[in-house]
Amino acid sequence: MSASSLRYRFSRGVGSLLLALVTFGTAAHAQAPTDTAFARLLRQNQLPLTQTGTQCSGPGWEKLRQDIQKSALVLVGEDHGITQIPAFTQAVAQVLKPKVYVAEIDKYQAQDLTRLTAQPGLPTAFLQQHPMYLSFYSWVEEFELARALRAQNTTLVGVEQVGFTATGRTLTLMADQVKSKTTRAFLRQQAAAIQAHDRAALVAGNYGGITINGIRTTLLDSLRKMTTTEPLAVRQLLQDLEASANIFKTNAAGKPGGQQARINLMKRNLLAELQPYQQAGQPLPPMLFKFGAYHLGRGRSIWGDIYDVGNLAVNLADAHDQKTLHIFIMGKQGKKVTGQNPVDFSKNATNYAAADEAMVKPFVAATPAGAAWQVFDLRPLRRAMLYNGMPVADQKLQATILGYDYVVIIPETTASQNY
């Protein structure tokens, strides 16, 4: 469901309240979350939404629009690889007019994305040289979202670890800035070899074979020695690459701690990137976030005992006496991107159905196939859980209701397109 690129398919007092609800929900397990109270509140707070391109309309959109206008930080938690979601995010941005867009990519990808969106056309040649380097923004609809945001003078900010297929590009960026000709030549040679290797791995569907999952210690040792006297920016690139490689290696080995380390890194990066916008006595400017849905809820994450980027955003808004709005959007069924083949794009799309996704199951069930999009205001459900003792036994569904203000379900989706 959530990820910094396709490699992952994925506080506040609410956390302690969730623990209490888990206990209560277990005791009342015989009562399904579709009991009379739950079903009545769901129906009463369900509204249709119509999307046409980047324009939205209908009662559901009008309610969303009013809440977007009241919020400083709007967080769109998504299921990746769906055509309709970046268009929806553009509609949100037209209302919010964000000064900052926080994306689930690294800061170097954000810099390249900013440069590329200022140029005409699509970055086809760049992505042929660096396949999937722009992560989600290697897809047409996501790139056009970034271009539209830049047209609104929105700053693109990346807070992720160095990207899944970014090792070759990272070494190229280092080569562009080193003083030593010998080091520059070595970096360029290694970058070319790694890019060729990773391209072949993507074509073969061998994602475990991507360089960053098992980058050679000897290579990192050599780079460390060769860049000791190079500019700080070069050494920072190498440090960021090493930190990311450690997280990927941990996850690839199936060891615990990689996901927590990743989220901690994202939160540190977010604080650093937003520092220029935090002036004493001044409100935060409007900010738009778009990540995988696991990352952007308030309180305890759907991941489990983790407090993610969405919770930090709430804390930042609280510190400035401002509000956040959390929107969870995904499809009921259709197609979405699950692959990264840079040659045969037809291999990247997969049919899916979300009927059994516990975190949104009742909302998917209440969305008729072929109908309008459905918008569910979760706040009445949350209040009933917290203050009226309404049982919701499933912990992932609890986390959705406690963490998000709205769920938006698209009845039928199409997969994002490659260049």
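No lab work stands behind these numbers, since they all come straight from the coordinates. Bear in mind that the values here come from a model prediction, so they are computed numbers and not experimental data. Cβ sites come from the backbone with ideal geometry, for glycine too, and all protein chains shown count toward neighbours.
Taking amide hydrogens as placed 1.01 Å from N in the peptide plane, the amide H of Trp139 sits under 5 Å from that of no residue at least 5 positions away in sequence or on another chain.
Using Cα positions and a limit of under 14 Å, work out the aspartates and glutamates in reach of Lys336, with same-chain residues fewer than 8 apart set aside. The qualifying aspartates and glutamates are Glu78, Asp79, Glu141, Glu142, Glu412. The H on the amide N of Thr83, modeled in the peptide plane, is under 5 Å from the matching H of Thr414, Ala415, Ser416, each at least 5 residues off or on a different chain. Work through the residues other than Ala185 whose Cβ is under 15 Å from its Cβ and net out their charges, Lys, Arg +1 and Asp, Glu -1. Local net charge: +2. Residues whose amide H falls under 5 Å from that of Gly339, counting only those 5 or more places apart or on a different chain, are absent, with hydrogens built in the peptide plane. For the stretch 31-123, trypsin sites (Lys or Arg not before Pro) meeting the loop criterion (DSSP other than H, G, I, E, B) and having at most 14 other Cβ atoms within 10 Å: Lys70.
Counted by Cβ distance under 13 Å from Leu220, the other residues give a net charge of +2, where Lys and Arg count +1 and Asp and Glu count -1. Loop-located trypsin sites (Lys or Arg not before Pro) across the stretch 152-240 with a Cβ neighbour count of 14 or fewer within 10 Å are Lys179, Arg216, with loop assigned by DSSP.
Bridgeable lysines around Lys179 (alpha carbons under 18 Å apart, same-chain partners fewer than 8 residues away excluded): Lys225.
Which of the pairs Lys107/Lys290; Lys249/Lys332; Lys70/Lys99; Lys255/Lys323 have their Cα atoms more than 25 Å apart in this structure? Check vs 25 Å cut-off fails for Lys249/Lys332; Lys255/Lys323. The phi-based Karplus calculation (6.51 cos²θ - 1.76 cosθ + 1.60; θ = phi - 60°) puts the 3J(HN,Hα) values of the stretch 225-232 at 5, 6, 10, 3, 9, 7, x, 4 Hz, whole numbers, x for Gly and Pro.
Under 13 Å of direct C-alpha separation, and excluding same-chain neighbours fewer than eight residues apart, Lys361 reaches these aspartates and glutamates: Asp394.
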